[in-house]
Amino acid sequence: MKRPARAYTDEHATAGVNAELPEIETWPNQYRASASSCTGYEIEIEMPEFTSVCPKTGLPDHGILILRYVPDRLCLELKSLKMYTLAYRNLGIFQENIVNRMLADVVRAARPLRATLEGDFTPRGGISTRITASYDRAGSQRDGSRQGTTRVD
């Protein structure tokens with residue numbers, strides 16, 4: 001029996017992964033945890049109106065992104081993060097790649113102690129997707145059944 005042609009190509013799989021996106025800016029953390037201070041804290045940022053485009057169909061993808069991170073020396077500047085996420089609006093990129101690319105960019109910009117990004121994407125055709133990628137400086141990267149790994153250059 002002849003196998004049907006693959007609907008998705010390698011170009012679809014890598015679409016948007018290396019796209020040029022706005023820089024995520026940072027500012028100095030004034031409450032950095034230290035050996036003499038227990039002031040470490042977690043920041044949660046919710047982005048409830050995230051949109052991008054499926055690289056295969058061109059149809060819009062909608063979702064809620066939730067970023068949780070423990071800052072070290074730097075905190076994310078929110079307006080630049082907003083401009084960064086808006087750049088995905090017309091970008092053809094798979095949902096899995098969105099979550100992993102964005103986490104890598106956040107880690108590269110702020111060098112947090114830990115960070116997790118969850119993408120909860122709106123159902124299409126009766127299927128919803130939730131992708132979680134995590135970074136932990138102490139344990140390098142980790143992954144689990146619903147988590148991806150993130151490489152930071």
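The values are calculated or read from the model by the stated rules, or taken from the named source; none is laboratory data. Model, not experiment: these values are computed from the prediction. Here Cβ is always computed from backbone atoms with ideal geometry, including for glycine, and neighbour counts include all displayed protein chains.
Check region 100-118 and report whether any residue there is within 21 Å of TYR8 (Cα to Cα) and either charged (D, E, K, R) or under 10 Å from the mean Cα position of the chain (by Cα) (or both).
Initial filter on region 100-118 (within 21 Å of TYR8 (Cα to Cα)): 100-101.
The next check asks that each one be either charged (D, E, K, R) or under 10 Å from the mean Cα position of the chain (by Cα) (or both); those that pass are 100-101.
Yes - at least one qualifying residue is present in region 100-118.
Out of region 43-71, which residues are among the charged types (D, E, K, R) and either more than 21 Å from ASN100 (Cβ to Cβ) or without any contact (Cβ under 8 Å) to a residue 24 or more places away in the chain (or both)?
GLU46, GLU49
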Cross-chain or 6+ apart pairs with Cβ under 9 Å, region 30-41 first and modelled with pLDDT under 75, then assigned to a loop (DSSP other than H, G, I, E, B): SER34/GLY40; SER37/TYR31; THR39/TYR31; THR39/ARG32; THR39/ALA33
Selection from region 7-31 of residues that are in contact with a helix residue (DSSP H, G or I) (Cβ under 9 Å, 6 or more places away or on another chain) and assigned to a strand (DSSP E or B): THR26
Residue within region 130-137 that is surrounded by fewer than 16 Cβ atoms within 10 Å (Cβ to Cβ), basic (Lys, Arg) and in contact with a Gly (Cβ under 8 Å, 6 or more places away or on another chain) present: yes
Residues satisfying the stated conditions in region 77-91, i.e. surrounded by 15 or more Cβ atoms within 10 Å (Cβ to Cβ) and of a type in the set (D, E, K, R): GLU77
Pairs with Cβ under 9 Å, 6+ apart, first in region 116-131 and without any contact (Cβ under 8 Å) to a residue 12 or more places away in the chain, second surrounded by fewer than 20 Cβ atoms within 10 Å (Cβ to Cβ) and not β-branched (Val, Ile, Thr): SER128/ASP120
